[in-house]
Every structure is written in C-alpha cells, then in structure tokens.
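Asker: Pasting a structure below so you can have a look.
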Amino acid sequence: VQLQASGGGLVQAGGSLRLSCAASGSIFSINVMGWYRQAPGKRREPVAGITSDGTTTYRGSVKGRFTISRDNAKNTVYLQMNSLKPEDTAVYYCAAVTQGEKYDYWGQGTQVTVSS
C-alpha cells in the first residue's frame, strides 16, 4: 500500500484547508484510514480515523472543526479542517490499517501552518 498526502499549506487562524490522501497498491486490504499530526518537539498524535463502513473518530480538540471523509471510488481519504488554530500547526500524516488494529502504512507528511 502506498499513501500520497497533499493539501497542506499556510493559512491564517480561522481559515480552512483540505488534506487529501490517495491510496494505491493493495487497497483492498485497507480497513481503516486516518490522519496523525506531529508538531515540533511533540509526539505524533492521532487526529481522525475512518473505517471502511464510514465510522469516524476524532481527537477531542478537533471535534466540530475537522471532518474526515472517504471516497472509496477514488481510493482517497480527506481531512477538511475548518476554524484552524495556531495549535493545529504540525506535519500531518495519513495512515492505513491493513492488519490488526495498528496503522501499518504511512504516507509522507504534509505541512500545515496556521498563523495567528
């Protein structure tokens, strides 16, 4: 499985960005797709996830602002980020679960910078 993330950038606080993650390869094996982020000097943390049947999960700090969605026809998962805050600044990574419950495939990161 290969994951290609895109859509990061620089935005002012209160603005919006949409991240995309296109999957290729053995996509039939993907059960869950999700987004993580890592801010400078901090550990990587989960942001949102979506199962193959569309069930979603979010970390508390992004609930109501971020929306994860999945287009199975395009093998792509999206993260719509609204009302962005400076604390959302991080490198965002998409990931996939193919076996078990842990994310076992990772895409390259895409930088999201929110200015105050």
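Asker: May I ask you to list the residues in the stretch 61-85 that are open to solvent by 60 Å² or more (accessible area, probe 1.4 Å), more than 11 Å from the chain's Cα centre (by Cα) and without any contact (Cβ under 8 Å) to a residue 24 or more places away in the chain?
Answerer: K63, G64, N72, A73
Asker: Within the stretch 102-116, which residues are touching a residue at least 40 places away in the same chain (Cβ under 8 Å), open to solvent by 70 Å² or more (accessible area, probe 1.4 Å) and over 11 Å from C21 (Cβ atoms)?
Answerer: Hits for the stretch 102-116 are Q111, S116.
Asker: Select from the stretch 1-21 the residues that are open to solvent by less than 50 Å² (accessible area, probe 1.4 Å) and assigned to a strand (DSSP E or B) and list them in ascending order.
Answerer: Correct list: L3, A5, G9, V11, L17, L19, S20, C21.
Asker: Got a sec? Which of S24, S29 is open to solvent by less than 40 Å² (accessible area, probe 1.4 Å), modelled with pLDDT under 95 and more than 10 Å from the chain's Cα centre (by Cα)?
Answerer: After ruling out the rest, the residue left standing is S29.
Asker: Please determine, by comparing only the residues of the stretch 86-100 that are touching a residue at least 12 places away in the same chain (Cβ under 8 Å) and part of a loop (DSSP other than H, G, I, E, B), which one is nearest to Q2 (Cα to Cα).
Answerer: Checking each candidate, the answer is T98.
The values are calculated or read from the model by the stated rules, or taken from the named source; none is laboratory data. In this text the structure is predicted, and so the values were computed from the model without any measurement. Cβ sites come from the backbone with ideal geometry, for glycine too, and all protein chains shown count toward neighbours. Accessible surface areas use protein heavy atoms only, side chains included; no ligands, DNA or RNA. Shrake-Rupley method; radii C 1.70, N 1.55, O 1.52, S 1.80 Å.
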